[in-house]
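Let me begin by presenting the structure, written as structure tokens, before commenting on it.
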Amino acid sequence: MPRLLATCLALSAFAAATPSDAFWNTQAACGQAACRQPHSTPLGECYQAVEAGREENNMWPQQYVGLDRRNTAAPFDIMIRNGWRRQNLLGSHHFNEDATQLTQSGKLRVQWILTQPPPTHRQVFIERSITDGVTDARIAATEAFAGKVLAGEPASIVDTHLLSDGRPAVVIDYVNTQYRENMMTPVLPEASAGGGGVATE
């Protein structure tokens, strides 16, 4: 008898509620405060939250594709930046012994960096020295010359831990000179005895 009475009371309370209240009061999983209010609006905040969840479920996995693509391309962006840092690097051989002036090859290098690459990559990197004073002197010398190249406009010049694997211009000039001096004379091979224009070795 008590169980039957409890069942009748529950059914009467459920029947007394409007259909919308009976539905929204069962949404225990909804985190909106409006769902837990006894007189919440059926088409209020809770409905919007449920709709947002439904749309997100229907759209899956498209909402994560863009993020995955950006994360996949991130290593390539890092490699591109590292490549430009290596390309725009000034080593110790681009400065004189006391690092107060750029050598001729250093000036040409800075001029190329500040004028030829794409504008987003016109940044000069300077090999960091063990002595902070030498590094500061290299930066100051580069800034002074960059001001002449850019007519007073500021240039992006930073030091880096990368070591330049370049060689002094004197060594490169010597190699190129020896290559030119030992080149074979560019002449046509002798024609064959039978004629016909067929060349023989």
Exercise. Do the conditions hold for ILE157, that is, is it out of contact with any Cys (no Cβ under 7 Å at 6 or more places or on another chain), touching a residue at least 24 places away in the same chain (Cβ under 8 Å) and either polar (S, T, N, Q) or outside any helix (DSSP H, G or I) (or both)?
Worked result: yes
For this session: Kindly indicate whether any position in region 121-130 is in a helix (DSSP H, G or I) and in contact (Cβ under 8 Å) with a residue 24 or more places away in the chain.
Result: yes
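Each reported figure results from applying straightforward, stated rules to the coordinates on display, with no laboratory input. Please read these numbers as outputs of a predicted model, since none were measured by experiment. Quick reminder, even Gly has a Cβ in these numbers, built from the backbone with ideal geometry, and neighbours come from all protein chains shown.
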